Amino acid sequence: MKSTLSRQDVAETLKREHAAARAMREARMQQPRDENAPPPQTLDFRTSELHRTQYLSIGPRMGRFLYNSARAIGARTIVEFGTSFGISTLYLAAAAADTGGRVSGSEFHPSKAEKARANLADAGLSAQADIRIGDAMETLSTVEGPIDLLFLDGAKDLYLEVLKMLEDRLRPGALVIADNADHLPENEGFLHHVGDDSDRYVTTLIGFHKGLVSQSLVLS
Ligand SMILES: C[S@@+](CC[C@H](N)C(=O)[O-])C[C@H]1O[C@@H](n2cnc3c(N)ncnc32)[C@H](O)[C@@H]1O
């Protein structure tokens, strides 16, 4: 059986969106740097221009890592914190198409969520994803378990809160994957919660060229 990732509508949408994300990032890099500007990960996702307008998306390698992770565990209930224009959602929804599952995505900015929905439609994956608009702490609170895979890619200071909100709905054997783990404090917060002292998670950090990704296996 071929992967849904190789379907023409999915492959073309991903190619187009990765190219658009790359062009936007390159244009941003051309801008003169303000040495006094706060680091992007500290900006407020509700009010910053960066969060409202930019892709800030994963790359193709990370996308395939998400797809493979979801497929490997037969993930049917997939939850995404931080959808943006939906590039990561496309990979997760492609996996859901192959497992008979569904993705609940979340995006604060309505214009981004609309574009994510349009991208899913272009890829023929609308039936595999529902994008909830608003603060994920509210919109994801009603997701029904058991959850098989939780992908964290929204505001970094909310990773732990989102995990705690959904923790009791994660099934044993579920995966929690967090992007930009190198932007998180090492011995506190989210990484401490899923780290070596935890009886509930086994966590590893994986290097991608953009930085570190954390992957936690849920034991119980
Ligand atoms: C790094 S981008 C996500 C990129 C996306 N996962 C991808 O790979 O295409 C983070 C996004 O999360 C959204 N976000 C951050 N905190 C949020 C929250 N509490 N609720 C909903 N969306 C949030 C931001 O508006 C931003 O669009």
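The values are calculated or read from the model by the stated rules, or taken from the named source; none is laboratory data. Computed from a predicted model, the values in this text were never measured in an experiment. Backbone-built Cβ (ideal geometry, glycine too); neighbour counts: all protein chains shown. Accessible surface is based on the protein model in full, side chains and every heavy atom, while ligands, DNA and RNA are left aside. Shrake-Rupley method; radii C 1.70, N 1.55, O 1.52, S 1.80 Å.
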| said: So, in segment 72-95, how many residues would count as being over 29 Å from residue 46 (Cα atoms) and either crowded, with 20+ Cβ neighbours inside 10 Å or free of Cβ contacts under 8 Å to residues at least 40 places away in the same chain (or both)? | reply: 3
| query | Restricting attention to segment 47-68, which residues are in a loop (DSSP other than H, G, I, E, B), among the hydrophobic types (A, V, I, L, M, F, W, C) and open to solvent by less than 40 Å² (accessible area, probe 1.4 Å)? | reply | 58
| task | Could you check how many residues of segment 111-156 are in contact with a helix residue (DSSP H, G or I) (Cβ under 8 Å, 6 or more places away or on another chain), closer than 30 Å to residue 220 by Cβ and in a helix (DSSP H, G or I)? | result | 4
| message | Exactly one condition in (1) surrounded by 13 or more Cβ atoms within 10 Å (Cβ to Cβ); (2) touching a His at 6+ places or on another chain (Cβ under 9 Å); (3) of a type in the set (D, E, K, R) is false for residue 44; which is it? | response | (1)
| query | How about segment 96-138: which of its residues are more than 9 Å from the ligand (Cβ to nearest atom), open to solvent by less than 10 Å² (accessible area, probe 1.4 Å) and polar (S, T, N, Q)? | reply | 119
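Take the residues of segment 166-184 that are farther than 21 Å from residue 206 by Cα and surrounded by 15 or more Cβ atoms within 10 Å (Cβ to Cβ): which is farthest from the ligand (Cβ to nearest atom)? So that I can check it myself, show each step before the final result.
Here is the first cut: in segment 166-184, the residues farther than 21 Å from residue 206 by Cα are 166-172.
Within this subset, residues satisfying the condition of being surrounded by 15 or more Cβ atoms within 10 Å (Cβ to Cβ) are 166-167, 169-171.
Working: 166: 13, 167: 17, 169: 18, 170: 19, 171: 22 Å.
The residue in question is 171.
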| request: Give the residue that is farthest from residue 193 (Cα to Cα), with candidates limited to residues of segment 139-162 that are within 13 Å of the ligand (Cβ to nearest atom) and free of Cβ contacts under 8 Å to residues at least 60 places away in the same chain. | output: 139
| Does residue 33 meet the test of being more than 13 Å from the ligand (Cβ to nearest atom), part of a helix (DSSP H, G or I) and charged (D, E, K, R)? | no
